[in-house]
Amino acid sequence: MYASPEEKLRKELWKYFNLIGSQIKFPWLIIGDLNEVVSAEEKRGGRLFKGKHENSLINCICSCELIDLGFSGPALTWNNLSGGGARVKKRLNRGICNDKWRTFFPEAAVTHLTQVHSNHHPLLLELDARGKGRK
């Protein structure tokens, strides 16, 4: 999935997921560029992190009772391609799921792959990643 970089549009997406999340009774996963960090540790450079009370993604994760799958590889998955003090890095890409999905795929793991032709690191989701490290 790709969440808009525009905050207003992202908030609408999280509202939509809140609505359907309360009604979904089957396993579900969201993976991709969610364009929002959930903690200060997921950001380097730029403006300060807003805080949990203002973060629509955090609210969506909590209200839908979603689980972050964690990751292996580089911690920050996006950068603004600027140099020096203007550089900003964030963890914008992630996989989140409900407990039913996690029950079906208990060994699933997300890897942040090497950034090549984009300002994002691609994600690799392995459904059976036994023996691989997770953070």
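Any read-out appearing in this document is the output of simple, stated calculations on the displayed coordinates, not a laboratory observation. Since the structure is predicted, the reported quantities are computational estimates derived from the model, not experimental observations. In this analysis, Cβ positions are derived from the backbone assuming ideal geometry, glycine residues included, and neighbour counts consider all displayed protein chains.
Rounded to the nearest 20 debye, the dipole size of the chain about its Cα centre is 320 debye, using +1 on the Cβ of Lys and Arg and -1 on the Cβ of Asp and Glu. Spacing of the modelled spin labels on Ala75 and Arg87, each 7 Å from Cα toward Cβ, amounts to 1.5 nm. Result for the chain in a Gaussian network model with C-alpha springs under 10 Å: among Ala86, Ala109, Ala75, the largest mean-square fluctuation is at Ala86.
The residue list Ser22, Leu34, Asn98 was ranked by how far each Cα lies along the charge dipole of the chain toward its positive end, using unit charges on Cβ atoms, and Leu34 comes out on top. Given the Cα-Cα distance of Gln23 and Leu127 and 0.36 nm per residue of separation, how much length would full extension add, in nm? Extra length from Gln23 to Leu127 when fully extended: 35.0 nm.
The helix-based estimate of mean residue ellipticity at 222 nm for the chain, built from -39,500 (n - 2.57) per DSSP H run of four or more residues and divided by its residue count, is -6000 deg cm²/dmol to the nearest 500. Among Leu76, Cys62, Pro5, whose Cα projects farthest towards the positive end of the dipole of the chain, with charges put on the beta-carbon of Lys, Arg (+1) and Asp, Glu (-1)? Farthest along the dipole direction, towards plus: Leu76. Gain on full extension, evaluated as 0.36 nm per residue between Phe104 and Tyr2 minus their Cα-Cα distance, stands at 34.3 nm. Once Kirkwood radius over Cα pairs in Å is calculated for the structure shown, the corresponding label among (i) 15.0; (ii) 16.7; (iii) 15.6 turns out to be (iii).
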